[in-house]
Amino acid sequence: MLRKWLAFGTGVGVEIGPEHLTVSVVRVRPSGGVLRGSGVIENFRQRPAAEWGREFSDIVKKHGAAHVAVAVLVPRGEVIVRTLPFPGVKDDELSAAVGFQLDSLHPYGEEEARAGWARLDASNVLIGVAKRDAVDHYTALFAEAGIKVSTLTFSAAALRGALRMVDSPPRNFLAGLATSEGFEVYGESEAKPVFSAVFDMPPERAFAFANAELRLPAETQPSDLGISLSHAAAMTSACPSLAMDANLLPEAERRTSSKLRYAPTAVLATILAGLCTAIVFHEPYDEKVYRDALEAELKRVEPISSRVGNLDRNFETTKKRIEQLDEFRRRTRADLDLILELTGTFAAPGFLSALDTTRDTVTMTGYTDQAAPMLRVLDGSPRLAGSEFTVPIGRTTSGESFRIRSQREMPPQGAPPKP
């Protein structure tokens, strides 16, 4: 999201073809890159540079981009593009690591190559290598035409950077682009971060070959990137800090856009800084006014709130006392109902000689004709359960003596005593 909202600028991109130059002027905003205009400069290799340089100047002036430094795409056939893994290599060590492997990436001599590279992700680097003579030739040619060149790059770097400038492309895709050199296929996949090649075969066969290189399913359909190569180069020119810095130009030969283009941004940034400063210094004052008003209101309602608190505490105390009285009343009622039920249970000639009750148990001592059935009778009561003899049944001439302990249970509301 931060990258997206930093995408502001106007850029000019040039695609070098065999016989002509394709020029695009693009305005980049967080919503995307909009093509403001384009043009083609024919037969530039045979014409004087000053002549077609004036033609180029007319194109960019027409669209308000005369001050912009240009991003130029070297023909794909003149660049060797490789993707190398560098897992775990830190940024400050990456340049040396790339330089160590650079000689193995091209067939040129040690002093005959120019390289531009940039990180793809934490583990991979995209490298482009071109002949030094070709880079020097294009640099001198554009300088003779009076064109400021900030970047001399290649299609794979320009496309990858443009596709990620304000959005995120799919993780696996491939696309075909009709270029001045032929049919170019660009793609990305989890197996191969970047694939770029120009084919002189039918598109169907080119896509099949690219699918195999990217390890994509055979039925994968080509995507429409929505931009041309010169369009992608123009986005690189518009926002160089957000593009891939795979620049074949030596740093000393890179030109920059006019500093005046930053004047509106600087003015707006100054105004914004002033407003932010005012907000920062005004905030403590607002907080003090709000705090004083809040404290005054608290003092006004404090007596009322304290009375409400006292009423709440008194209410809770009274409620607990009422609940305790209700509990005592229920206990007395339950004890009387239990005694009434046991009076009917141990009718003459049986009787109870002792009755000991607690909140949880009741212990009964007495005499009856037959004591053993009394456990079943007592457990049938809604107020008793788990009845058991605490001492062996004693036998006398008049019957059997017993001592039984039962667990008390709360009967359903309104249950009548056992008859």
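Can you give me the pair-distance distribution of the chain, C-alpha pairs, 10 Å bins, whole percents?
Answer for the chain: a P(r) of 4, 15, 17, 11, 5, 4, 4, 6, 8, 9, 8, 5, 2, 0, 0 percent.
Using DSSP to define loop residues, name the GluC sites (Glu not before Pro) in the stretch 168-244 whose beta-carbon has at most 12 other beta-carbon atoms within 10 Å.
When the GluC sites (Glu not before Pro) of the stretch 168-244 are filtered for loop state and at most 12 Cβ neighbours within 10 Å, Glu190, Glu219 remain.
Find, among the chymotrypsin sites (Phe, Trp or Tyr not before Pro) in the stretch 277-342, those assigned to loop by DSSP (not H, G, I, E, B) with at most 15 other beta-carbon atoms within 10 angstrom.
Working: sites: Phe281, Tyr285, Tyr290, Phe315, Phe328; in loops: none.
The qualifying sites: there are none.
Could you work out how far apart the two model spin labels at Ile304 and Leu6 are, taking each label as a point 7 Å from the Cα in the direction of the beta carbon, and quote it in nm?
Distance between label points: 5.5 nm.
If you find the alpha carbon centre of the stretch 209-245 and of the stretch 1-25, how far apart are they in angstrom?
The stretch 209-245 and the stretch 1-25 have Cα centres separated by 14 Å.
For the chain, calculate the relative contact order in percent as a whole number, restricting contacts to Cα pairs under 8 Å that are 6 or more residues apart.
Worked out over the chain, it gives 15 percent.
What distance in nm separates the two pseudo spin-label positions at Asn124 and Arg215, each 7 Å out from Cα along the beta-carbon direction?
1.0 nm
The stretch 336-405 to the stretch 41-86: how many Å between their Cα centroids?
Answer, in whole Å: 113.
With 10 angstrom as the radius, rank Trp117, Trp52, Trp5 by how many other C-beta atoms surround their C-beta, starting from the fewest.
Going from least to most buried by this count: Trp5, Trp52, Trp117.
Tell me the net charge near His231. Cut-off is 15 Å between Cβ atoms, His231 excluded, with +1 for each Lys or Arg and -1 for each Asp or Glu.
Local charge sum for His231: +1.
Filter the trypsin sites (Lys or Arg not before Pro) in the stretch 326-419 down to the DSSP loop ones having no more than 15 other Cβ atoms within 10 Å, then list what survives. It would help to have the intermediate numbers written out before the result.
Numbers: sites: Arg329, Arg330, Arg331, Arg333, Arg359, Arg376, Arg383, Arg395, Arg403, Arg405, Arg408; in loops: Arg359, Arg383.
Filter output for the stretch 326-419: Arg359.
Under a cut-off of 19 Å between alpha-carbon atoms, report the aspartates and glutamates in cross-link reach of Lys319, not counting same-chain residues fewer than 8 places apart.
Straight-distance partners of Lys319: Glu327.
In which sequence would Thr10, Thr363 go, from the one with the fewest C-beta neighbours within 10 Å to the one with the most?
With the sparsest Cβ surroundings first, the list reads Thr363, Thr10.
What FRET efficiency, computed as 1/(1 + (r/R0)^6) with R0 = 22 Å and r the Cβ-Cβ distance, is obtained for Val377 and Thr397, rounded to the nearest 0.05? Don't skip to the answer; put the middle values down first.
Values: r = 24 Å, r/R0 = 1.08.
Efficiency, from the Cβ-Cβ distance: 0.40.
Which order results if Cys276, Cys239 are arranged by neighbouring Cβ count within 10 Å, fewest first? Please list the in-between numbers first.
Details: Cys276 10, Cys239 22.
Final ranking by Cβ density, sparse to dense: Cys276, Cys239.
Cross-link candidates for Lys320: which aspartates and glutamates have Cα within less than 16 Å, leaving aside residues fewer than 8 places away along the same chain?
Asp312
Read-outs throughout are calculated quantities, based only on the coordinates presented, and are distinct from any laboratory measurement. What you see is a predicted model; the values in this text were computed from it and never measured. Using ideal geometry, Cβ is built from the backbone for each residue, glycine included, and neighbour counts are taken over all protein chains shown.
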